[in-house]
1. May I ask you to list the residues in segment 37-89 that are surrounded by 13 or more Cβ atoms within 10 Å (Cβ to Cβ), in a loop (DSSP other than H, G, I, E, B) and in contact with a strand residue (DSSP E or B) (Cβ under 8 Å, 6 or more places away or on another chain)?
2. Name the single residue that is farthest from residue 213 (Cα to Cα) among those in segment 99-116 being assigned to a helix (DSSP H, G or I) and modelled with pLDDT under 90.
3. Quick check: anything in segment 90-98 modelled with pLDDT under 90, in contact with a strand residue (DSSP E or B) (Cβ under 8 Å, 6 or more places away or on another chain) and within 19 Å of residue 217 (Cβ to Cβ)?
4. Just to be sure I understand the filter: pairs with C-beta atoms under 7 Å, separated by 6 or more residues or on different chains, first member in segment 194-217 and at negative phi, second member part of a helix (DSSP H, G or I) and surrounded by fewer than 16 Cβ atoms within 10 Å (Cβ to Cβ). Which pairs pass?
C-alpha cells in the first residue's frame, strides 16, 4: 500500500500541473511564481541606464550608457566596489608588487593589465570624465565653453553688411555679425572642439576595452 501511495505521490509531485507552479529539474525549470517575480518586480534582462531619462535617446548615446551601466552593476553589486574610492571592499585578487593571478590578467594595447582593476579604472573615468561632461559639470569643459562664449557671444559681435549673390546672379547685401576679436574667437572654438574630440576618442577606446573584459564578468 505504501509503495502505491509513494508512486502516486511521485506522479502528482512531478506532474506538469504541479511543476508549472513549483518548478522542476526536467519539465519546468522556471516556475510560474519565479516568472511573475522576474516580469513584475525584478526583470533581470531589462536594464535602465541611470543617467538617461525615459525619453528618446539616440543610439549613439544609448550604447555607451548601456555598456557602462552593466559594468557598474557588476562591479558594485557583485564585486563590492566602492564608488567613493573606486577600490574593492573585498578585493577579488591579491596583488603584491606584481600580478600574481594569471587568470585575471589580460593584454590591453600590448600591456598586461589586471582585468578587475582595469574595470575599476574604466568606471572611474566614466563618472569623473564622461558623465561630468554629460551633466555639464566638467571643470575643463565649462572653462572652455565660457572662454568661447566670451568671444563668441552675439553681443560682442560687430555688425557689417555683406555683399552676396543669389542663384540667379542678382546681387544683394545681407546684415551679418562678425566677432569683435576673431583670432581669440577661433582659438577658443578650436580648444573646445579639441576637448570634445578627445572625449569622443577616449569613449570609443574605453568601450573597446570594456567589451574585451566581458569574459571576466
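The values are calculated or read from the model by the stated rules, or taken from the named source; none is laboratory data. What you see is a predicted model, and the numbers here were worked out from it, not measured in a lab. Heads up, the Cβs are rebuilt from the backbone with ideal geometry, glycines too, and the neighbour counts pull from every protein chain shown.
1. 79, 80
2. Initial filter on segment 99-116 (assigned to a helix (DSSP H, G or I)): 102-104, 115-116.
In the following step, the residues that additionally are modelled with pLDDT under 90 were identified as 102-104.
Values: 102: 14, 103: 12, 104: 10 Å.
My answer is 102.
3. In the first step, residues of segment 90-98 are kept if they are modelled with pLDDT under 90; the result is 90-98.
When the remaining residues are screened for being in contact with a strand residue (DSSP E or B) (Cβ under 8 Å, 6 or more places away or on another chain), the result is 93, 95.
Next cut, within 19 Å of residue 217 (Cβ to Cβ) only: 93.
Checking segment 90-98: at least one residue is modelled with pLDDT under 90, in contact with a strand residue (DSSP E or B) (Cβ under 8 Å, 6 or more places away or on another chain) and within 19 Å of residue 217 (Cβ to Cβ).
4. 195/140
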